[in-house]
Amino acid sequence: GEYDLVLCFSMLQWVISQKGKEYGRRVLRSLSEKSKAMLFDVAVNEGKECLRCKPGEELIFARRLLKDFTTFEDIVYLGDVHPYGVDTRHVFFCRHVAT
C-alpha cells in the first residue's frame, strides 16, 4: 500500500544497532518507496544509542544518510529537538516532488 505520511522518530539508530546498517538502509528505502512523505529524527554522536560520525559533521551525516538511504527528492531540515534534555535529535521532513 501507499501511505501519506510515515513517522520515524528515534527508530533508525536502534534498527541499525540491532540488525546492521544494510538492514536499516532497506527499511528506509522501503518506507520511502511506499510513502509520499516522512517526518524523521535521528540521534548522531549523542545518547544511549546513536549513529556515529566524525564530530562536528552530525547534521551533514544525517542529511547524507537520508539522501543515500531513501528515494525522497526533497529533504528539509526542520531543526533539533532534545527529548530528554541530554541528547540532540536532528529532525527532517522528506517528500517526493510531485510531477
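Tell me, what HN-Hα J-couplings in whole Hz come from the Karplus equation 6.51 cos²θ - 1.76 cosθ + 1.60 at θ = phi - 60° for each residue of region 10-18, using x for Gly and Pro?
Those phi angles translate into 6, 10, 4, 4, 6, 4, 5, 4, 8 Hz.
How large is the dipole of region 2-99 about the Cα centre if only Lys and Arg carry +1 and Asp and Glu carry -1, each at its Cβ, rounded to the nearest 20 debye? Don't jump to the answer; show the numbers that get you there.
On the way: 15 positive and 14 negative charges, 66 e Å.
That gives a dipole near 320 debye.
On a straight-distance basis, which lysines could pair with Lys48 in a cross-link, Cα separation under 19 angstrom, same-chain partners fewer than 8 positions away excluded?
Lys19, Lys21
Considering only the other residues whose Cβ falls under 10 Å of the Cβ of His96, what net charge follows from Lys and Arg at +1 and Asp and Glu at -1?
Numbers: positive: Lys36, Arg95; negative: Glu33, Glu73, Asp74.
So the surrounding residues net to -1.
Which three lengths, in whole Å and largest first, does the chain cover when its Cα atoms are put on their principal axes?
Ordered largest first, the chain gives principal extents of 39, 28, 22 Å.
Once you list every other residue whose beta carbon is under 12 Å from the beta carbon of Thr70, what net charge do they have if Lys and Arg are +1 and Asp and Glu are -1?
On the way: positive: Arg25, Arg26, Arg29, Lys34, Arg63, Arg64, Lys67, Arg95; negative: Glu33, Asp68, Glu73, Asp74.
Neighbour charge sum, excluding Thr70 itself: +4.
Restrict the search to region 14-81; then list the GluC sites (Glu not before Pro) that DSSP places in a loop and that have at most 16 other Cβ atoms within 10 Å of their Cβ.
Glu46, Glu49, Glu57, Glu73
Please list Phe61, Phe9, Phe40 in order of solvent-accessible area, largest first, computed with a 1.4 Å probe with all protein chains present. Please report the intermediate quantities before stating the final value.
On the way: Phe61 50, Phe9 105, Phe40 0 Å².
Order by accessible area, largest first: Phe9, Phe61, Phe40.
What does the accessible area of His82 come to, in Å² to the nearest 10, when a probe of 1.4 Å is used?
Per-residue accessible area (His82): approximately 110 Å².
How far is it, in nm, from the label point at Lys19 to the one at Val81 when both lie 7 Å from their Cα along the line to the Cβ?
With each label point 7 Å from Cα toward Cβ, the separation is 2.2 nm.
The values are calculated or read from the model by the stated rules, or taken from the named source; none is laboratory data. All values derive from a computational prediction rather than experimental measurement. With ideal geometry, Cβ positions are generated from the backbone for all residues, glycine too; neighbour counts draw on all protein chains shown. Remember, those area values only see protein heavy atoms, side chains included, never the ligands or the DNA or RNA. Shrake-Rupley method; radii C 1.70, N 1.55, O 1.52, S 1.80 Å.
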